[in-house]
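Undergrad: There's a structure below that I have some questions on.
The values are calculated or read from the model by the stated rules, or taken from the named source; none is laboratory data. Keep in mind that this is a model prediction, so the values were computed, not measured. Backbone-built Cβ (ideal geometry, glycine too); neighbour counts: all protein chains shown.
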Amino acid sequence: MDVSRYRLRQAVEKGILDAGQAERLWEFLKDSDVDTPGFRFTHILYYLGGLMAIGAMSLFMTLGWESFGGWGLFGIAVAYALAGLLLTENFLHKRRLPIPAGIIATFVVALTPLAIYGFQEAMGWWAEGRVYRDYHVYIDWRWIFMELGTLAAGVIMLWRYRLPFLVMPVAATLWYMSMDLTPFIFGQADATWELRKLVSLWSGVVITLVALWFDIRTRSEKDYAFWLYIFGVTALWGGLSLMRSDSELNKFLYFCINMLLIFCGAALRRRVFAVFGGLGAAGYLGYLSWNVFKDSLLFPFALTFIGLGVIWMGIIWQRNENAIAQKLRGFLPQPLRDLVDRRG
């Protein structure tokens, strides 16, 4: 639960705290919250600048950079990485600024595929037909060494610095690798779009389960699972939503899975589940409205009553939340029960 200064002022008015205690508590909360990522102007500037730098060396790389040649690209990536490491050390250990340090450390990891590509190009090991900027655009099994190197760099940097934002390139690379391994394992001709969707679905399940494992095992206030949840649920939901089905039962199961995602989001307090689950549920209801019941007079009335019924269920839940929650917790294994309690 977020505590605002207004809430503390209300506590003073009700006699729960005196003015001095409220002010000291507010200063403590403000100081302890400065290193926690949030929607604050300073943090927006941090992440905006960091993402611009990372994007410049990845998504927004121009073809002009190919003129530097393999050794040129390798040298630029190494020089940038060394400068990034020095900045990371300075921000983290001298200036005590973990958020900028994490962003710069992530920038270093994002340079890994460029360095590997440049080295392969310089050694004459790179096949014609692909340039570096295609790495973030096209699925190709030849990216695999760049992805393995990025994973290794990400794990080493995460072990060295313990900064949660470093999980972002690791999670993104795992997602990339799941797509690029499909034509490598099954062959380019057999890697149909249906197979790619299935691989995306199951790789998303695996990444999400890894995120849950991190959530259960991590007792630190640092949120190492955040980016794994983002990429895992995105891959899972994307693969599931892109699958075609002519069966009404399968479409209803899709709706049920999305409702389960919303429930998981509420239980784990992870918005990414609720966002994608809400999109999927809305998509299914839109399908019913535009296709199945497009000429029905009763469907809007029925859906209205269902919506009001859901609101009524929310009221019942609020009135009996503690008793219901205790009963539901009884069905969970102990590690999940501890996680739900810890997440609030």
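Undergrad: Restricting to region 177-208, count the residues that are modelled with pLDDT under 80 and of a type in the set (V, I, T).
TA: 3
Undergrad: Looking at (1) closer than 22 Å to A172 by Cα; (2) part of a helix (DSSP H, G or I); (3) of a type outside the set (V, I, T), which one does Y224 not meet, given that it meets all the others?
TA: Every listed condition holds for Y224 apart from (2).
Undergrad: The conditions are (1) under 21 Å from M146 (Cα atoms); (2) at pLDDT below 90; (3) surrounded by 15 or more Cβ atoms within 10 Å (Cβ to Cβ), and S67 fails exactly one of them. Which is it?
TA: (3)
Undergrad: Would you tally the residues in region 241-263 being touching a residue at least 40 places away in the same chain (Cβ under 8 Å) and surrounded by 19 or more Cβ atoms within 10 Å (Cβ to Cβ)?
TA: Residues in region 241-263 being touching a residue at least 40 places away in the same chain (Cβ under 8 Å) and surrounded by 19 or more Cβ atoms within 10 Å (Cβ to Cβ): 0 in total.
Undergrad: Sticking with this structure for a sec: Quickly run through region 25-62 and pick out the residues that are of a type in the set (G, A, S), surrounded by 14 or more Cβ atoms within 10 Å (Cβ to Cβ) and either outside any helix (DSSP H, G or I) or at pLDDT below 80 (or both).
TA: Residue satisfying the conditions is S58 alone.
Conditions tested, residue by residue: (1) in contact (Cβ under 8 Å) with a residue 24 or more places away in the chain; (2) within 24 Å of D246 (Cα to Cα); (3) in a helix (DSSP H, G or I).
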{"site": "G265", "(1), (2), (3)": "no, no, yes"}
{"site": "V275", "(1), (2), (3)": "no, no, yes"}
{"site": "A281", "(1), (2), (3)": "yes, yes, yes"}
{"site": "Y284", "(1), (2), (3)": "yes, yes, yes"}
{"site": "Y287", "(1), (2), (3)": "yes, yes, yes"}
{"site": "D295", "(1), (2), (3)": "no, yes, no"}
{"site": "F301", "(1), (2), (3)": "no, no, yes"}
{"site": "L308", "(1), (2), (3)": "no, no, yes"}
{"site": "P335", "(1), (2), (3)": "yes, no, yes"}
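Undergrad: Being within 25 Å of V205 (Cα to Cα) and aromatic (F, W, Y) narrows it down to one residue among F305, F263, F293; which is it?
TA: On the way: F305 fails: within 25 Å of V205 (Cα to Cα); F293 fails: within 25 Å of V205 (Cα to Cα).
Unique residue meeting the criteria: F263.
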